[in-house]
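Coordinate-derived values only; no laboratory data. Since the structure is predicted, the reported quantities are computational estimates derived from the model, not experimental observations. Here Cβ is always computed from backbone atoms with ideal geometry, including for glycine, and neighbour counts include all displayed protein chains.
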Amino acid sequence: MSVQEGVNNAQRPVPANGFRTFALIWLVQMVARIGNGLTAFGLVIFAYQQTGLSTSVALITLCAFLPAVLLAPAGGILADRHDRRLLMILSDSISAVGLLALLIAFTAGIASVPIICVCVAFSAVFNSVMEPAYRATVTDLLTPDQYARGAGMVQLASASQFLISPALAGILIANFGIRLILAIDISTMAFTILAMILIRRRVPKPSAPATRENALTDLRFGIAFLRTSRGVLTLTLVATLVTFCMGFLQTLLTPMILDLANEGVLGWIRSIAATGMLVSGLLIGVFSMGSRHLTWIFRCLLGGGVLIALMGTTTNLWLIGALAFGFFMVLPPLNASVEVLARAAIPNEVQGRVWGLIGLVSQLGYIAAYAVSGVLADLVFNPLLRPGGPLAHSLGVWLGVGPSRGIGLMLMLVGAILIFVASAVPNLRSLEALQRDFLQKIDAQNPGS
């Protein structure tokens, strides 16, 4: 974005009822997110119950996630260069086709993991276009003093599929089956499309950008910046390792609990775990984190590693739920501290380009975890701790033998990785330099303190 573009955006008029219109869009998108969450949860349960393989869960998760990561830059370009109102309507409409195909497959009795993966990936491709356009409505409809409030609402809508959907989906799938969940999701999409058509006239059509910079040029610039800023590069690599470990937990928690209980219990545990992020986020909003963010990164990585490792040692569902809640509590302060230190080190005029690359690199951790976690569970770790397995009479005496114990061992190793990363953080000079620079900027802003 050019300087003049930024000035034009800052001076652009917003509709008189901009916040009310944004609130309506936010509400209908939150309904759609809850519907999407129902389907995502229901499909992985169906796949695991049909195949008994963690690989099936990982494949479906990967197909839902990979398009969003790879196409995010393209989605952002489309949102900047075309009518965002129309993009949201079209992307929701076309992605609903994938859901309809799934419903037909289940009704005809031909649903399988490959068919699910194709349909999920198809919908994910078009959802990747909708997301940047939806987030851009914050700028289209709100004044600068309302940005923080709008961004918080967007985050809450995104979290709703993790807070509400799992528990609700667990109840629905146990009593009515997967087809009802798909029908509900399609209904929420239809509601969203109709609402957006009715609201469209209230949303201003964004003006065309004054310049259309090459996306490849922006990517090259971001790479060059990371090469010269060792501190930001190190933070990015730490974030990538964290997402790698989180990808294992997200994939393996479902088969581990389904080996111990039913889908209803799984839904409640996943909802309770996601509530940890909400509670932690509220605490951060009420109480200051201070300025020692490197210390927070160390504590959160260490605490998160210990919690995941302990999760792998037990088959007690109450304890698993409590440990998952605690792990998700450490994520908001960890994310906030990483973002604060990185943001303070990146010049304001290049924030967008560098953050886009940081987001892309850090998300690769999820992709790697989704690609290997299921295969490792099914072919390596679960066989080790089955009755008569190679570790059944050694490690199995302490950890247990049978369903979920191989996954438990994997979670212990994932926890050990996080603990190792935590132990390295205080000794990385590039991160110490970032912390010093941040403190100097704080002191410069508050010379009298």
What is the packing order of peptides 262-273, 102-113, taking the mean over residues of other C-beta atoms within 10 Å and listing the highest first? 262-273, 102-113
Ala433-Ala108 pseudo-label distance in nm [points 7 Å out on the Cα-to-Cβ vector]: 6.0
Once fully extended, how much extra length lies between Leu194 and Ser423, figured as 0.36 nm per residue of separation less the alpha-carbon to alpha-carbon distance? 77.2 nm
Which FRET efficiency value, to the nearest 0.05, is calculated for Ile94 and Leu360 with the Förster distance at 25 angstrom and r the Cβ-Cβ distance? 0.55
Amide H within-cut-off set for Gly402, under 5 Å, with H built and near neighbours excluded: Arg386
Rounded if a/c is under 1.5, else prolate if a/b is larger than b/c, else oblate: which is the range 356-434, with a ≥ b ≥ c the root eigenvalues of its Cα gyration tensor? oblate
Can you work out the PRE-style zone for Leu413? Point 7 Å along Cα to Cβ, and I want the residues of the range 357-371 with backbone N under 15 Å. 369-371
Within the range 311-341, what residues put their amide N at less than 18 Å from the label point 7 Å along the Cα-to-Cβ vector of Ser291? 337-341
How do 55-68, 391-404 rank on mean C-beta neighbours within 10 Å, highest first? 55-68, 391-404
